[in-house]
Amino acid sequence: MNPSQQVTLLRKDGRLDEAYRLALELISAPAPNAWEWGAYAWCLIDLIKRHAADGDQARLGEYIDRLSAFEVPSGNDLLAQHRERALALGDEDRRAILEARQLGKNGEHEQAISAFAELLAKGSLTEDDKTAFGWELFRAAGAIRRGAGGKDLPQAAVGAIRRHLNTYFKLGMSGPSLLHSCVLQQAQRLAHEDHLRLIAFVRLWNLENLRPEDYEKTTSDDGKVFPALAEQVLQRASKEAAKGTSAEEMAYIAPHVEAALKRYPDNVWLKLNMVKLLRGLDRHGEARQLVVEFARNKAGEFWTWDLLGDLEADRDMRLSCYAKGLSCSEDDVFVSKLRLKFARLVSADFPGQAKAEVERVIAHKQKEGLPLSSDAQQLANSEWFVSAGSVPSGRAFYNRIKGQAEELLFGQVPWTDACLGDRFVIDDVDGQKARSRRHIYVMGEPLPLEMSVSATHPDVRDKPPGTPIRLQFETPVGEPWRTTVHRIQSRADGGPYDVIPEKCGVIDHVNPSRGLLHFVVATGVDGTCPIAEFAGAAEPGTAVAVRMAHYHSRKGLRPRVVSILPTTRTPGSDICKLFKDTVEIRNGLGFTSTRIFIPPDLIAAAGIAEGDQVEGMAVINFDKKRNAWGWKAIKAKVAEPQR
């Protein structure tokens, strides 16, 4: 270790006085090198910091004079920067800044903030100092949240965090920078808890300061994926802007949301907010085009049709959209405003039904103890309302009107024959409530496709399994398990389970240890079934009548057994056949002259030897090693000699 390195080691080890004495010896010797002079300067810097903190003015002045006389070698920018900072500590304010920074390092963030605030008022902070001040504001806000338990912040905590955010803006800080993004993240969290209007905040923060990292999704240690900061901020801020009345806020956020839609094309809520922004900016044509593009994904939500109706200029189409929206939900907590809009439009042709809609809204408000809106009062006082007799409307009435709206979205989607399946329940997962669903089987080749809808869907509720229906649906190419069913109608020309014809197959293997049987129906069509659910003798060679379907999962296309029963029918010769042939045995494996494979267990059980005449039953079988279909014996014995 050379002498200059020894000085550095002593200094970093906290033995500053010893390091300084050695550095003085080195620079007093003949022709000290640049490394030795540098080690000496770093000692002076640390000594100045020490005495700026302990208030020893005599020693502080001595070391400042020595460092002032030191000339930094050309190119050593780091040393030059720290030399300037150390020399500045000769000033009282610089020492106060050092003390403020030290308070922050000690975790005394509020005290550090008070110290920095006094220095800011005096105009004593450099840009670097303001950054340090900003970090203290950020850390203090975080400490307040942690101290309050992180949730349900009391108003005092909310007020303190908001004051720190306000102080941050007074520093004149900007980005892009990690600090600036961290402050935005704090504001986003506060806004998510309804303690801050994020749209007003981001206009001050300036969304042009988002970093590339802010647009990236994050993944936790347990594998959970979280939306990017930019996506969360834009979704919240655009929602607030669209809900408000400020054209300036809408105009500010709209270009940022438009750009974000290219990054996050699957974010339906961003699209919804963009539609509302366009509507608020009187860009109705663009709004209508965008809502039609994404509405199919949310066609089961009443608000989709409410929004689409608001954007329609044609009165009949608008009425149809409102009718479709009311057919999606009967919850008066959410659809009361929609009922009133529907009633106003339909009153001229169907005053009785319109009156019933208004009365339902009034009854709901009275039951909940809520004030009646001016729209409801105006409709209740109108001439047509007073003179009309109330006629309950309901789903049948909405169905008469909603067709035009459905054609707007689904006119190009083909109808496909299907039938209803049984009801099933998806258990509680990740805190979500258990959900009741209904299977639907859609015509397909070689097997029908299984999908599902809510068991409370009005077009399947109370209908028995096997009911013939037809439906319109769309399947995303990249995520086929996310199939969306748009419309369901009864099908008068069909019979029960007609899209799932029974196929005759044969059991080719039974696994008692796993409690499963395996069957084959056709080339590429096979499956398993629990032995306990099979109402017959589970033996190889047993003929079965099977109804099957395919369903999409994240792991690919999978088969599903809808029903399986023993049958007296005979499987086709393309899947099962009797044979009688001589056998060749190689390493315990048997092969007939017609290329039927006989497994070793059958060879051993039947005592089959090389050249024997063997008879039995074979089924088609997929050979994974050869990646090809062939024949495999499921029964075999030595044939009795002919007499």
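With a Förster radius of 25 Å, plug the Cβ-Cβ distance of ALA143 and GLN81 into 1/(1 + (r/R0)^6) and report the FRET value to the nearest 0.05.
Taking R0 as 25 Å, the efficiency between ALA143 and GLN81 is 0.25.
Measure off 7 Å from each Cα along the Cα-to-Cβ vector at GLU62 and ASN209, then give the distance between these two points in nanometres to one decimal.
About 4.6 nm, to one decimal.
Does a label point 7 Å from the Cα of GLU615, set along Cα-to-beta-carbon, have any residues of the range 621-640 with amide nitrogen under 13 Å, and which are they?
636-640
Against the longest principal axis of the chain, how steep is helix 351-368, in degrees 0 to 90 to the nearest 10, with axes from Cα atoms?
Roughly 50 degrees, rounded to the nearest 10.
Once you've got the Cα coordinates, tell me which of LYS337/LYS463; LYS130/LYS217; LYS122/LYS170; LYS170/LYS243; LYS367/LYS463; LYS298/LYS433 are over 25 Å apart.
Pairs exceeding 25 Å: LYS337/LYS463; LYS130/LYS217; LYS170/LYS243; LYS367/LYS463.
What is the helix-to-structure angle for 127-147, meaning the angle in degrees between its Cα long axis and the longest Cα principal axis of the chain, kept from 0 to 90 and rounded to the nearest 10?
Relative to the chain, helix 127-147 is tipped by roughly 50 degrees.
First select every other residue whose beta carbon is under 13 angstrom from the beta carbon of THR126; then total the charges, Lys and Arg +1, Asp and Glu -1.
-1
Candidates [x] 71, 48, 19; [y] 39, 31, 26; [z] 39, 33, 30; which is the computed semi-axes √(5λ) of the Cα gyration tensor in Å?
[x]
Could you give the length gained by full extension between GLU539 and TRP481, i.e. 0.36 nm per residue of separation minus their alpha carbon distance, to one decimal place?
Here the answer is 17.4 nm.
State, as an integer percentage, the relative contact order of the chain based on alpha-carbon contacts under 8 Å between residues 6 or more apart.
5 percent
Taking Cα centroids, how far is the range 454-486 from the range 404-418 in Å?
Each part reduced to its Cα centre gives a spacing of 13 Å.
When ligands, DNA and RNA are left out and all protein chains stay put, how many square angstrom of accessible area per residue does the chain have with a 1.4 Å probe?
Solvent-accessible surface per residue comes out at 54 Å².
Looking at the chain, what % of its DSSP beta bridges pair antiparallel, to the nearest 5?
On the way: 74 of 77 bridges.
Roughly 95 percent of the DSSP beta bridges within the chain come out antiparallel.
Out of the range 8-103, which trypsin sites (Lys or Arg not before Pro) are coil in DSSP terms and have no more than 15 other C-beta atoms within 10 Å?
On the way: sites: ARG11, LYS12, ARG15, ARG21, LYS49, ARG50, ARG59, ARG66, ARG83, ARG85, ARG94, ARG95, ARG101; in loops: ARG15.
Here the sparse-neighbourhood loop sites are ARG15.
Full extension from ARG162 to GLN378: what is 0.36 nm times the residue separation minus their Cα-Cα distance, to one decimal in nm?
Separation in residues times 0.36 nm, less the Cα-Cα distance, equals 73.6 nm.
So if I take the centroid of the Cα atoms in the range 569-609 and the same for the range 33-53, what is the distance between those two points in Å?
After rounding, the separation between the Cα centres reads 91 Å.
Give a quick list of trypsin sites (Lys or Arg not before Pro) in the range 529-609 that DSSP marks as loop, anything other than H, G, I, E or B, with at most 10 other Cβ atoms within 10 Å.
ARG554, LYS555, ARG595
Give me the distance in nm between label points sitting 7 Å out from Cα along the Cα-to-Cβ direction at GLU474 and LYS170, one decimal.
Modelled inter-label distance: 5.2 nm.
Quantify, in whole percent, the carbon and sulfur part of the accessible surface of the chain (1.4 Å probe; protein heavy atoms only).
Values: 17150 of 34590 Å².
Summing carbon and sulfur atoms, their accessible area is 50 percent of the total for the chain.
The values are calculated or read from the model by the stated rules, or taken from the named source; none is laboratory data. This structure is a prediction, so every number in the text was calculated from the model and none was measured. All Cβ positions, glycine included, derive from the backbone under ideal geometry; neighbour counts span all protein chains shown. Please note that ligands, DNA and RNA were not included when accessible areas were found on the heavy atoms of the full protein model with its side chains. Shrake-Rupley method; radii C 1.70, N 1.55, O 1.52, S 1.80 Å.
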